[in-house]
1. Kindly evaluate Gly64 against the criterion of being outside the structural domain of Gly155 (by TED's automatic domain parsing) and surrounded by 10 or more Cβ atoms within 10 Å (Cβ to Cβ).
2. What's the number of the only condition in (1) exposed (fewer than 11 other Cβ atoms within 10 Å of the Cβ); (2) modelled with pLDDT under 90; (3) among the basic types (Lys, Arg) that Lys45 fails to meet?
3. So, of the residues in the stretch 139-153 that are at pLDDT 95 or above and assigned to a loop (DSSP other than H, G, I, E, B), which turns out to be surrounded by the fewest Cβ atoms within 10 Å (Cβ to Cβ)?
4. From the list Thr23, Thr8, Thr73, pick out the single residue that is at pLDDT 90 or above, of a type in the set (Ser, Thr, Tyr) and outside any strand (DSSP E or B).
5. Can we say Val131 is in a loop (DSSP other than H, G, I, E, B), modelled with pLDDT of 95 or more and not aromatic (Phe, Trp, Tyr)?
6. Can you tell me how many residues in the stretch 122-138 are exposed (fewer than 14 other Cβ atoms within 10 Å of the Cβ) and touching a strand residue (DSSP E or B) at 6+ places or on another chain (Cβ under 8 Å)?
7. Any residue in the stretch 210-222 that's under 20 Å from Gly64 (Cα atoms) and in the same structural domain as Glu191 (by TED's automatic domain parsing): show its pairings with residues that are among the aliphatic types (A, V, I, L, M) and modelled with pLDDT under 95 at Cβ separation under 9 Å, as long as the two are six or more apart or on different chains.
8. For Tyr176, state whether it is surrounded by 14 or more Cβ atoms within 10 Å (Cβ to Cβ), among the aromatic types (Phe, Trp, Tyr) and touching a strand residue (DSSP E or B) at 6+ places or on another chain (Cβ under 6 Å).
Amino acid sequence: MNTSVSGTARLLTAGLRALLALTLVTGVLYPLAVTGVAQALFPDKANGSEVTADGEVVGSSLIGQSYHLPRRTGQEDPEPDPKWFQGRPAGGLGTNSINNRYELLVSGATNLAADNPELARRVREARDAVVRDNSVPGHPVDPADVPADAVTSSGSGLDPDISPQYARLQVRRVAYENRLPVAEVRRLVEEHTEGRTLGFIGEPRVNVLRLNIALGELAARN
């Protein structure tokens, strides 16, 4: 009996020591080491890739933002503000219906198959809206020039980037609405076009938040 009790006590003591050691290593030392390395080598990414304007944090370069006009009475969805570059559609976003204290945005995709009639309808409507919204006097948009990212949402619905083609398609509308020279707005797009990561990963892209910050600064100077 005593042998059994003493053996059990030794096992429990060994287990407790292992638990404390692993807790110290994996719960304290490892997180501190990873956090320290991240802060030392990648402080921008470690702190959320924050984007600042006029000394204030206005968002993250990793999360897309909407640029809409104020919602009118009785209006279900706000209209895009024509003065700003617009990001990709966010068809998969929703709100958290469980937490009724805060209005939380839920990231997600539509999960509609490529041959789903509902998806086809949404794409057609989005294409027509892009053509309508970006056509300016003397320069109508050809529906064939509308790129795929202008009419489809990303897997998260929060894609912060658009293709250079979609950014260039919006140049004349943005210049017209802000009374800016087309050449200057086009230059902004070229300056904010990023190439493939390491030269071969992904596609060229334009961060909409950074582009719109530069646009606001350009408009303020004119």
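1. Details: outside the structural domain of Gly155 (by TED's automatic domain parsing): no; surrounded by 10 or more Cβ atoms within 10 Å (Cβ to Cβ): yes.
So Gly64 does not fit the description; no.
2. (1)
3. Checking each candidate, the answer is Asp142.
4. On the way: Thr8 fails: at pLDDT 90 or above; Thr73 fails: at pLDDT 90 or above.
So the residue among Thr23, Thr8, Thr73 that is at pLDDT 90 or above, of a type in the set (Ser, Thr, Tyr) and outside any strand (DSSP E or B) is Thr23.
5. Working: in a loop (DSSP other than H, G, I, E, B): no; modelled with pLDDT of 95 or more: yes; not aromatic (Phe, Trp, Tyr): yes.
No, not satisfied.
6. Going through the stretch 122-138, the residues exposed (fewer than 14 other Cβ atoms within 10 Å of the Cβ) turn out to be 124-125, 128, 132, 137-138.
From what's left, touching a strand residue (DSSP E or B) at 6+ places or on another chain (Cβ under 8 Å): none.
Number satisfying all stated conditions: 0.
7. Qualifying pairs under 9 Å: Arg210/Val51; Ile213/Val51; Ile213/Ala53; Ile213/Val58; Gly216/Ala53; Glu217/Ala53.
8. Values: surrounded by 14 or more Cβ atoms within 10 Å (Cβ to Cβ): yes; among the aromatic types (Phe, Trp, Tyr): yes; touching a strand residue (DSSP E or B) at 6+ places or on another chain (Cβ under 6 Å): yes.
Yes, satisfied.
The values are calculated or read from the model by the stated rules, or taken from the named source; none is laboratory data. Not measured: the values here are computed from a predicted model. Cβ sites come from the backbone with ideal geometry, for glycine too, and all protein chains shown count toward neighbours.
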